[in-house]
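One structure below.
Rule-based calculations on the coordinates, nothing more; no lab input. Here the structure is a predicted model, which is why all the values come from computation and not from measurement. Positions of Cβ are generated from backbone atoms using ideal geometry, with glycine treated the same way; all protein chains shown enter the neighbour counts.
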Amino acid sequence: MNATPFDLILKGGTLVTPAGLRAGDVGVRGGRIAEIGKLESEAAAEIIEARGLHVLPGVIDTQVHFREPGLEHKEDLASGTASAALGGVTAVFEMPNTTPSTLTAADMQDKLRRAQGRAWTDHAFFMGVAAENAGHLASLENEPGCCGLKVFMGSSTGSLLVDDDETLLQALRSGRRRMAVHAEDEARLRERLALVRGGADVARHPEWRDVETARLATERVLGLARRAGRRVHVLHVTTAEEIPLLAANKDIATVEVTPQHLTLTAPECYERLGTFAQMNPPIREARHREALWRAIDQGVVDVIGTDHAPHTREEKARDYPASPSGMPGVQTLMPIMLDHVNAGRLTLTRLVDLLCAGPQRIYGIVAKGRIAVGYDADFTVVDLAARREITASWLAAKCGWSPFEGMTVTGWPKATIVRGRTIMREDELLGPPQGQPVRFLETLARKRG
C-alpha cells in the first residue's frame, strides 16, 4: 500500500461542488482530484488547512490581452499570468491582437513556445479572424493550444478588423467551434468619429461608441451566425438593448460581461478616473449596469471575463481620443466579484458557474471547471470574510495601476492551485512557473478521428 496516497490534501474547507456547498476534504493525486469527502488518511506530501475558507474550482478568465509578442512594455505572458495567479485565476485565454496578430499556425506555435516555462497558469490562445485567413479557419481553429476564433467587428486596440458581411459570413462558415465576437459596428463608429476627432472630454467616449453601435453589431452577427449555422460568443456586452436580442438567440449565442461593466458607471467613472476609465465597449450609465445584473439573475449571461487590457500610465494619460482603450483586470477579478457576492448581488454558486463551469461549457474545456473526481486539481481558495484594500503595491501587471485602486472589498483569494501545484499562497507566488496548454474536447475528437 502506498504510504503517501495523496500528493495534496485540502482539509476542512467549504467546497463549491456541482451539488452545492459541502464541508469536506479533497485529495489530489497525479495532478487530478482523486477523492472528495471526509478523508481518513492524513498522509500527503502537502496539506493545506482550509477551515473557514471556501474552495472553488479553478477560476478561468476567458478574455485577457497579455500583449506578447510585440507590446511587452505593456505586459507579457510572465507578468500577465503572475497577475492571474495572484488573483486566484488558474487558467487564461489570451487574445490575438498582438504584434504580429495571431493569424497562422506558426503564430500560435510561437505563443505556445513563449509561454513554456514562463506562464504561471494554464493557458490557451485565440486565433484571430482576418480577410487573409478567413478561408483557412476550419483547420486553424484546431491547432494545439487554440481555444477558438476571435473576430473584431469594430476597430479597437490593434489592427484586426472584419467589418463586412461577406468576410464575416465566410469566417462563420469556416469551422465549427464557437466564435468569440467583439460586437461594435465599424460603419457607425466612423460616422460618429467627428464627435471626438481633434480632442474631446473622455466622458464623450460612450457617446461616440454609443448604444446603437453595440446593438447594431450584435443584431448583425446574430443574423449572420444563424445563416451560417455557427455558434457565437458575444464578448463584453454593455447595453440594456442587447440583452433581449441575446436572450432570443440562446440556441446560437452565449454572453460575456466584465467586472468593470458590473461595477463602474458613467459619468462618475470618467470624472474620477479620466482616460483610465476608457475601454471598448465603454462604461455606460447606471441603467445599463442594472440591466447586466438582471441578465445575470435571469441566466442570460453565461460567463464573466475581465478583458484585461493593460496600457502604461503614460499612454493612458494622453489627451482623448489619442489615449488607448483598455484597463487591467485579471488580478482584481476575484476581489471585485467576491465583494459583489458579499453585497448580495449574486450567490457564490452562481459566481462559480460564471467563472468555472460556464467557460467549460462554452469552449468545451477538458477536465476543468468543477470539483469532481477525475478533473484537474485546479482550485481557487478564498476567504469570503477578508476585508482588504486594492493597492498598486499588490498588483503584478507591468502597467502598475487598476481602476479599482483604493477600493476596499470583502472577499480575497488566499491560494491558487493548478493541477495539484500550489502556485500562490497568501499573496506570494510559489515557483517556478509551470503552466501548461489547456485541452479542448473538439481538438481531442479531431485528433482521435
Practice task
Under 9 Å from the Cβ of M95, count the other residues' Cβ atoms, weight Lys and Arg +1, Asp and Glu -1, and hand me the total.
Solution key: -1
Exercise for the section: Counting other Cβ atoms within 10 Å, keep those with at most 13, restrict to DSSP loop, and tell me which GluC sites (Glu not before Pro) in region 73-150 are left. Expected result: E132
Handout entry: Centroid-to-centroid separation of region 22-61 and region 286-360 [C-alpha atoms, Å]
Key = 28 Å
Problem - Alpha carbon centroid spacing (whole Å) that separates region 229-251 from region 372-431 - result: 30 Å
Handout entry: 0 to 90° range, to nearest 10: angle between helix 105-115 axis and the chain longest Cα axis
Key = 50 degrees
Exercise for the section: Of the DSSP beta bridges with both residues in region 29-160, give the percent that are antiparallel, rounding to the nearest 5. Expected result: 10 percent
Problem - Nearest-0.05 FRET efficiency for R226 and E271, computed from C-beta distance (R0 41 Å) - result: 0.50
Practice task
Quote the FRET efficiency, to the nearest 0.05, computed for A247 versus A200 with a Förster distance R0 of 30 Å and r equal to the Cβ-Cβ distance.
Solution key: 0.30
Exercise for the section: Would you calculate the separation in nanometres between label points at Q298 and L193, each defined as 7 Å from the Cα along the Cα-to-beta-carbon direction? Expected result: 3.6 nm
Completion exercise
Taking every other residue with Cβ under 12 Å from the Cβ of A131 and scoring Lys and Arg +1, Asp and Glu -1, one gets -4
Completion exercise
Between D319 and S155, the two model label points (7 Å from Cα along the beta-carbon direction) sit apart by a distance in nm of 2.0 nm
Practice task
Could you work out how far apart the two model spin labels at T391 and Q116 are, taking each label as a point 7 Å from the Cα in the direction of the beta carbon, and quote it in nm?
Solution key: 4.0 nm
Practice task
Using only Cα atoms, tell me the angle between helix 333-342 and the longest principal axis of the chain; keep it within 0 to 90° and round to the nearest 10.
Solution key: 80 degrees
Problem - Given charges at Cβ of Lys, Arg, Asp, Glu: the chain dipole, positive-most of F440, A115, A343 - result: F440
Practice task
Among G420, G199, P321, pick out the residue whose Cα is farthest towards the positive end of the charge dipole of the chain, where Lys and Arg carry +1 and Asp and Glu carry -1 on C-beta, about the Cα centre.
Solution key: G420
Exercise for the section: For the chain, give the share of DSSP beta bridges that are antiparallel, in percent and rounded to the nearest 5; count only bridges with both residues there. Expected result: 50 percent
Problem - Rounded FRET efficiency, nearest 0.05, which uses the C-beta distance separating A19 from L430 and R0 of 25 Å - result: 0.25
Handout entry: Crossing angle, helix 77-86 versus the chain [Cα axis fit, 0-90 degrees, rounded to tens]
Key = 60 degrees
Problem - Net charge, D302 excluded, C-beta distance under 11 Å - Lys, Arg +1, Asp, Glu -1 - result: +1
